[in-house]
Amino acid sequence: MLIAGVIAYGMYRGALSINLAKFFTYTGVFLIVVAAGILAYGIGALQTVGWLPGLATKAFDITTWFNWSSWYGEVIQGVFNVTPTPTVLQLVSWLAYLAVVLALFLRPTPAPARPARPAPQPDPERSTT
């Protein structure tokens with residue numbers, strides 16, 4: 001119990017030192033990249049069934065870079081929905097989504113205005129009239 005308490009206290013102290021603005025910015029960017037991969041995967045699925053053109057037009061082929069059937073290749077494909085042979089439409093939609101959404105997500109925002117402090121009111125009991 002003592003060891004668990006020490007570990008819990010250490011985790012609490014460590015969590016207090018995390019810069020939440022940076023943490024959520026990084027996780028937001030990661031989720032935007034994942035969403036771009038999902039969009040590209042959906043475009044590829046629509047091309048496969050024939051609802052969108054361009055299935056035979058490959059943008060590039062990186063199948064020889066490493067073994068895509070290995071554990072790390074499967075992780076990359078699973079997390080980011082990366083395909084080693086994307087079509088031109090998949091690549092363009094992935095890049096366009098990233099450019100637009102990251103620009104909107106990372107744009108500088110003005111700091112919220114702080115409400116002005118009200119002027120102190122004179123105490124009616126201490127007035128010298």
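No value in this document is a laboratory result; all are computed from the given coordinates. All of these numbers come straight from a predicted model, not from anything done at the bench. Please note: Cβ atoms are built from the backbone with ideal geometry, for glycine as well, and neighbour counts cover all protein chains shown.
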Taking the chain and counting helices only, DSSP H stretches of n ≥ 4 at -39,500 (n - 2.57) each over all residues, the nearest-500 ellipticity at 222 nm comes to -19000 deg cm²/dmol
In the chain, helical segments from DSSP H whose Cα atoms cover 20 Å or more along their own axis and that average at least 1.0 on the Kyte-Doolittle scale are 2-16, 20-48, 88-105
Mean separation of Cα contacts under 8 Å (at least 6 apart) over the residue count of the stretch 18-103, i.e. the relative contact order in percent, is 41
Rounded to two decimals, the Debye log10 I(q)/I(0) of the chain (Cα scatterers, no solvent) at q = 0.09 Å⁻¹ is -0.53
For the stretch 7-66, shape from the Cα gyration tensor axes a ≥ b ≥ c, cut at a/c of 1.5 then a/b versus b/c, turns out prolate
Descending packing, highest mean Cβ count within 10 Å first, for 25-31, 36-42 is 36-42, 25-31
Checking rank on 66-74, 110-118, 79-87, with mean other Cβ inside 10 Å and highest first, the result is 79-87, 66-74, 110-118
At the level of C-alpha centres, the distance separating the stretch 62-124 and the stretch 6-21, in angstrom, is 26
